[in-house]
Amino acid sequence: MNIDYKNLMDNAKEASRNSYSPFSRFAVGAAVLTSTGKIYRGCNVENSSFGLTNCAERTAIFKAVSEGEREILAVAIYSPNSDSCYPCGACRQVLFEFQPDEYEIDVITENLGSLEIQKLSYFLPCGFRI
Ligand code: THU
């Protein structure tokens, strides 16, 4: 599939506008592209009980999976509060769970207006699988 990385990043930017982050004041948006060609957006959702916070990436992934999607081809991550908002360790492993057998997930971030595209294995070389 020919992936429109800029469009995916635009979706992540749009998603970051819904961030619920009154505690960290660090907004994040994510957008995942699935093998059916659909895009699912997510934002970080914080909680007064801090440990219950859900990252933007996992919000987007769980939305996709709960709609029956199990193959993620690409994810874009954006924060208006920082350049190069890379996925946290937990989200790397959750992405790995839904990486197709025959394709490595593209991870798209933005730094000073330029897109950076890396494969998931750059961030998570030895993901865990049962
Ligand atoms: N956050 C994400 O949404 N994604 C990440 O990959 C890193 C961290 C959120 C969680 C929390 O709401 C805020 O950023 C500060 O850690």
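For the stretch 1-27, the candidate set comprises residues that are open to solvent by 70 Å² or more (accessible area, probe 1.4 Å) and touching a residue at least 40 places away in the same chain (Cβ under 8 Å); within that set, the residue that is nearest to L115 (Cα to Cα) is K6. The residues of the stretch 1-42 that are part of a loop (DSSP other than H, G, I, E, B), within 18 Å of D83 (Cβ to Cβ) and of a type in the set (G, A, S), listed by number, are S19, S21, S24, A27.
The set of residues from the stretch 103-125 being among the aliphatic types (A, V, I, L, M) and either modelled with pLDDT under 95 or under 19 Å from K13 (Cα atoms) (or both) comprises V107, I108, L112, L115, I117. Residue count for the stretch 71-105, restricted to those that are away from the ligand (no atom under 16 Å from the Cβ) and of a type in the set (D, E): 4. Comparison of Y20, Y40, Y5 shows that the only residue that is more than 11 Å from the chain's Cα centre (by Cα), of a type in the set (F, W, Y) and more than 10 Å from the ligand (Cβ to nearest atom) is Y5. When the residues of the stretch 70-98 are filtered to those that are part of a loop (DSSP other than H, G, I, E, B) and under 17 Å from L8 (Cα atoms), the one that is least open to solvent (accessible area, probe 1.4 Å) is P87. Across the stretch 99-130, the number of residues qualifying as β-branched (V, I, T) and not in a strand (DSSP E or B) comes to 2. Has the stretch 44-53 got any residue that is more than 15 Å from N18 (Cα to Cα), among the aliphatic types (A, V, I, L, M), within 13 Å of the ligand (Cβ to nearest atom) and not in a loop (DSSP other than H, G, I, E, B)? There is at least one residue in the stretch 44-53 that is more than 15 Å from N18 (Cα to Cα), among the aliphatic types (A, V, I, L, M), within 13 Å of the ligand (Cβ to nearest atom) and not in a loop (DSSP other than H, G, I, E, B).
The values are calculated or read from the model by the stated rules, or taken from the named source; none is laboratory data. Please read all numbers here as calculations on a predicted model, not as lab measurements. Glycine gets a Cβ as well: all are built from the backbone with ideal geometry, and neighbour counts include every protein chain shown. For the accessible areas, the whole protein counts, side chains as well, though only heavy atoms, and no ligand, DNA or RNA atoms are used. Shrake-Rupley method; radii C 1.70, N 1.55, O 1.52, S 1.80 Å.
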